[in-house]
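One structure below.
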Amino acid sequence: MRIRTAGVVTVLGLALAASGCGGDNSKDEPAAKATSPAASGKLVIWADDKRTAALKPFADKFGQENGVTVEVQAVSKDLQTNFVTASQQGSGPDVVVGAHDWIGNLVQNGAIDPVQLAAEQKSGFNETAIKAVTFNGQLYGVPYATENIALIRNTALAPEAPKTIEDLVATGKKLKADKKTSEILCLQSGQNGDAYHIYPLYTSAGGYLFGTAANGDYDPKDLGVGKPESIAAFQKIAKLGEKGDGALKRSITGENSIATFTGKKCAFLVSGPWAIADAKKAGISYDISPVPGFAGGKQAQPFVGVQAFYVAAKGKNKALAQEFVTNYVTTPELAVALYQAEPRPPALTAAFDQVKGTDPDLAKFSEAGKGGQVLPAIPAMAAIWDPFGKAEAAVIGGADPAKTVTAAGKTISGQIK
């Protein structure tokens with residue numbers, strides 16, 4: 001689940017500033033094999049609880065095949081922060097599993113190394129996933145899953161997918177008037193906002209965060225927040241807010257948005273694959289479709305995120321770590337196991353094809369992510385979350401969009417400089 005708050009941003013800025021990334025210097029050469037000196041001792045992998053369980057049997061097998069001990073250690077909270085701290089102290093892991101948007105600030109501090117994949121290996125991955133882990137022309141991780149939000153609806157309450165956000169609001173209002181629901185839409189905001197979840201509506205209304213350079217990379221010098229396009233976007237968002245239609249409310253938070261949906265208090269939920277298990281457990285009849293945009297507006301573009309394996313720059317067994325991420329993580333068997341631990345679309349095409357037949361939700365989430373924007377991994381992104389989110393919450397609550405967004409833009413610009 002994506003929740004961006006002031007506290008998270010503080011941690012994010014510190015943690016992102018301390019990890020490093022690596023690049024694709026392979027020149028299409030075969031991926032490097034572990035050398036005999038590296039193939040000794042111990043390989044330590046850090047991941048969260050769910051991925052640790054899925055990784056363990058594969059790590060054991062890798063260890064047996066290479067004559068080494070492999071430890072998969074679960075870090076339940078603040079994985080990124082703990083990795084950065086341990087890296088600085090020289091006590092970190094050899095491999096860490098995490099989100100691609102760690103990369104920008106991490107690369108500045110040299111906490112992870114470049115990863116070398118052969119051209120044939122790279123071609124086996126979802127193109128967007130490879131793009132997400134590429135920074136300044138360098139490949140910094142091996143992707144294993146993609147993720148994006150979509151519109152999840154209770155089909156018993158809303159049989160048809162709304163074509164526009166206006167259609168959704170009309171349906172939601174009628175359901176509420178008929179006392180079948182108590183909320184029009186479950187899109188988490190809270191008192192500090194949530195840039196990740198509001199982003200599809202922001203883009204549909206014409207807003208943008210960063211422009212792009214000639215090579216397609218995000219350009220931190222072209223900040224969209226505070227510009228006329230962003231003001232116009234927030235004016236439309238304001239109309240959905242508490243002083244308007246009431247579809248967007250600060251009382252809908254990361255803690256209660258899914259529960260409100262599974263409790264049948266709203267027919268529409270904007271969330272990701274992580275919400276599906278709760279919907280199934282609650283016995284909700286659901287369907288998944290793209291987040292609808294504003295009538296006459298642009299396509300609503302969700303962020304596309306990627307989960308990846310990184311090689312720690314200060315690990316004690318870096319050659320073996322490279323071997324693991326380049327020649328073991330790239331196998332369909334491991335990718336499928338990770339999918340089974342937490343169902344997110346595999347980045348490896350062969351793995352995606354293997355599981356899509358048994359999980360129709362995968363294709364629907366992937367379809368909802370088509371045309372989405374790769375979540376920026378540039379260091380400047382760390383300056384976005386808090387001011388943007390607070391501006392969103394303020395506007396939803398009735399604050400003047402022009403003044404609020406202009407002020408947020410100045411705050412963000414000052415932090416980037």
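We did not get these values from a lab; they are worked out from the coordinates using the rules stated. Quick caveat: nothing in here was measured; it's all calculated off a predicted structure. FYI the Cβ positions are ideal-geometry reconstructions off the backbone, even for glycines, and counts take in every protein chain you see.
Annotations for the structure displayed:
- Magnitude of the charge dipole, the stretch 217-308, Cβ model with Lys/Arg +1 and Asp/Glu -1, debye to 20: 380 debye
- Rounded tilt (10° steps) of 195-204 against the dominant C-alpha axis of the chain: 60 degrees
- Cα gyration tensor category, rounded, prolate or oblate, for the chain with a/c compared to 1.5: prolate
- Pairs exceeding 28 Å between alpha-carbon atoms, taken from LYS390/LYS417; LYS370/LYS403; LYS239/LYS281: LYS370/LYS403; LYS239/LYS281.
- A cut-off of 5 Å between modelled amide H atoms, ignoring neighbours fewer than 5 places along the same chain, links VAL304 with GLN373, VAL374, LEU375.
- Note that the stretch 155-160 has calculated 3J(HN,Hα) couplings of 6, 5, 9, 9, x, 9 Hz, one per residue in order, obtained from phi through the Karplus relation 6.51 cos²θ - 1.76 cosθ + 1.60 (θ = phi - 60°); glycine and proline are x.
- Computed from phi, the 3J(HN,Hα) profile of the stretch 322-332 under the Karplus parametrisation 6.51, -1.76, 1.60 (θ = phi - 60°) reads 4, 4, 5, 6, 8, 10, 10, 5, 7, 8, x Hz, with x in place of Gly and Pro.
- Taking other residues whose beta carbon is less than 15 angstrom from the beta carbon of GLU166, and scoring Lys, Arg as +1 and Asp, Glu as -1, yields +3.
- Summed over qualifying helices (DSSP H, 4 residues or more, each -39500 (n - 2.57)) and divided by its residue number, the chain shows a 222 nm mean residue ellipticity of -11500 deg cm²/dmol.
- Sorting the segments 204-215, 256-267 by their residues' average number of neighbouring beta-carbon atoms within 10 angstrom, most packed first, yields 256-267, 204-215.
- Cross-link reach is defined here as a Cα-Cα straight distance under 17 Å, omitting same-chain residues fewer than 8 places apart; for LYS163 the aspartates and glutamates meeting it are ASP287, GLU367.
- The chain: angle of helix 228-239 to the longest principal axis, Cα-based, in degrees nearest 10: 60 degrees
- Distance from the stretch 95-117 to the stretch 357-405 (C-alpha centre basis), Å: 22 Å
- Global geometry of the stretch 59-132, whether rounded, prolate or oblate, following the gyration tensor of its Cα atoms and the 1.5 cut on a/c: oblate
- Packing order of peptides 157-166, 356-365, highest average first: 157-166, 356-365 (average count of other Cβ atoms within 10 Å over each peptide's residues).
- Under a 5 Å amide H cut-off, with hydrogens placed 1.01 Å from N, GLY254 pairs with SER189 among residues at least 5 apart or on other chains.
- For the peptides 50-58, 373-381, 190-198, the ranking by mean Cβ contacts within 10 Å, running from highest to lowest, is 190-198, 373-381, 50-58.
- In degrees, nearest ten, helix 49-66 long axis to first principal axis of the chain (Cα): 20 degrees
- Only Lys, Arg, Asp and Glu carry charge here, each on its Cβ (+1 for the first two, -1 for the last two); on that basis the chain has a dipole of about 1120 debye about its Cα centre.
- Options LEU338, ALA380, PRO162, ranked by Cα towards positive dipole end of the chain, top entry (Cβ charges): PRO162
- Under 5 Å from the amide H of SER271 lie the amide H atoms of ALA150, ILE152, each residue being 5 or more positions distant or on a separate chain, with H modelled from the backbone and absent for Pro and chain starts.
- Extreme residue, positive dipole direction of the stretch 193-314, given options VAL225, SER257, VAL291 (C-beta unit charges): SER257
- Sequence-ordered 3J(HN,Hα) estimates for the stretch 93-110 from the Karplus curve with 6.51, -1.76 and 1.60 and θ = phi - 60° stand at x, 8, 9, 10, 10, x, 6, 6, 6, 6, 4, x, 6, 5, 5, 5, 10, x Hz, glycine and proline given as x.
- Extreme residue, positive dipole direction of the stretch 124-255, given options THR181, GLY216, ALA132 (C-beta unit charges): THR181
- Cα centroid separation, the stretch 260-327 to the stretch 165-224: 16 Å.
- With an a/c value of 1.5 or above and a/b not larger than b/c for the gyration tensor axes a ≥ b ≥ c computed over the alpha-carbon atoms, the stretch 212-350 is described as oblate.
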